[in-house]
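The values are calculated or read from the model by the stated rules, or taken from the named source; none is laboratory data. Keep in mind it's a predicted model, so treat the numbers as computed, not measured. Heads up, the Cβs are rebuilt from the backbone with ideal geometry, glycines too, and the neighbour counts pull from every protein chain shown.
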Amino acid sequence: MSDIDFAITLSEFNAGFSPLAHLDDKTFVGASGQASDMKADIISKPGFLTQSPALADLTNGNQSGVVDQLIRHILDKPTASDTTFAIGTTKLFKLSSTTVTSGGSPSWPQAVTDMTEGESVIRLKANLYGFFNKASGGDILKMPLSTEVIDPDWGSTTDLALEKAPHPSAVKEDILVFGNGRYVGVYVQGLATLDVQKLDFGEGKEVSDIVFHANVWYIALNDLNGRGAQIYIYDGSAISNVLSDEVGVGAYKIGFLYVLNGTVFVCYEDQSSGTVAIGWISGRQLKPLRYLG
């Protein structure tokens, strides 16, 4: 008997647009199967193009109902069967898959005292937390899901008032981590402590997003003076004041982070060209996936 060698060839991973197609539709840079310009044929063969379902407003879901202001963030995980929440400019909204809740006790939507700009809303155990800006500074509301009664200044009465800035937030088990301008704040429910300035990245920096993945926190940070961005890695316990590692980014401005199927994706703008791209974190590098123009 003799050994038999098997050869498996994996190819065409990069089929699609070439890496420089977003800058030059006549570029020669690329690999087999890549193009600098494409046109879709949707005429020659019936069935190539299929109309998707049309968008439909939820009941009470437009300006004729109860949504009389911009919805700024929607909690992407239900807090109960067919129930989630959204934060607007001055109000907190309760949603189902078909309806924006109106009336009831307490009466929905609920106005939040002093809120002028909702930033994010997130669930931690039995409570909902909402991050928002005021005319001066910011705050955190707390709402027990059992009573739905809002405590609008829970953050400032528990610790210091927040900065007037974006406040992205993420949660893992009993730990809540959030952006606070140049700071990252942490709330650990078991320890009953809130620290809105746990990490300080310095003057001119701003936290743009935070996600939890593979037992660490990924913190995206932009430089407000246009000197690029950075993604820092922070220990999952969120107890230390020392960062674990960082990912090299460059002259970009990060919009958001998103975890899908074990990969951390990054939406960012290349400040040298104004091009927006989706990339992913590979090891300690940010690699482009597709340029969006």
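Would you mind stating whether GLY226 is within 18 Å of LEU176 (Cβ to Cβ), of a type outside the set (A, V, I, L, M, F, W, C), modelled with pLDDT under 95 and surrounded by fewer than 18 Cβ atoms within 10 Å (Cβ to Cβ)? No: the conditions fail for GLY226. Can you tell me which residues in segment 196-212 are buried (at least 18 other Cβ atoms within 10 Å of the Cβ) and either part of a loop (DSSP other than H, G, I, E, B) or not aromatic (Phe, Trp, Tyr) (or both)? If the condition is that a residue be buried (at least 18 other Cβ atoms within 10 Å of the Cβ) and either part of a loop (DSSP other than H, G, I, E, B) or not aromatic (Phe, Trp, Tyr) (or both), then VAL196, LYS198, LEU199, PHE201, LYS205, GLU206, VAL207, SER208, ASP209, ILE210, VAL211 are the ones that fit. Just one of the numbered conditions (1) in contact (Cβ under 8 Å) with a residue 24 or more places away in the chain; (2) at positive phi; (3) hydrophobic (A, V, I, L, M, F, W, C) is not true of ALA192: (1). Of everything listed in (1) assigned to a loop (DSSP other than H, G, I, E, B); (2) closer than 25 Å to GLU269 by Cα; (3) of a type in the set (Val, Ile, Thr), the single unmet condition for ILE239 is (2). When residues in segment 208-233 are screened for being under 17 Å from the mean Cα position of the chain (by Cα) and not aliphatic (A, V, I, L, M), 9 of them pass.
Say we look at segment 242-275 and pick out the residues that are farther than 12 Å from TYR218 by Cβ, in a strand (DSSP E or B) and over 16 Å from the mean Cα position of the chain (by Cα); which of these is modelled with the lowest pLDDT? It comes out as GLY248. Scanning segment 262-274 for residues being of a type in the set (Val, Ile, Thr) and touching a Gly at 6+ places or on another chain (Cβ under 7 Å) gives a total of 1. Here LYS77 clears all of (1) over 21 Å from the mean Cα position of the chain (by Cα); (2) surrounded by fewer than 17 Cβ atoms within 10 Å (Cβ to Cβ) except the condition numbered (1). Taken over segment 50-72, residues that are without any contact (Cβ under 8 Å) to a residue 24 or more places away in the chain and either closer than 16 Å to GLU117 by Cβ or in a strand (DSSP E or B) (or both) amount to 4.
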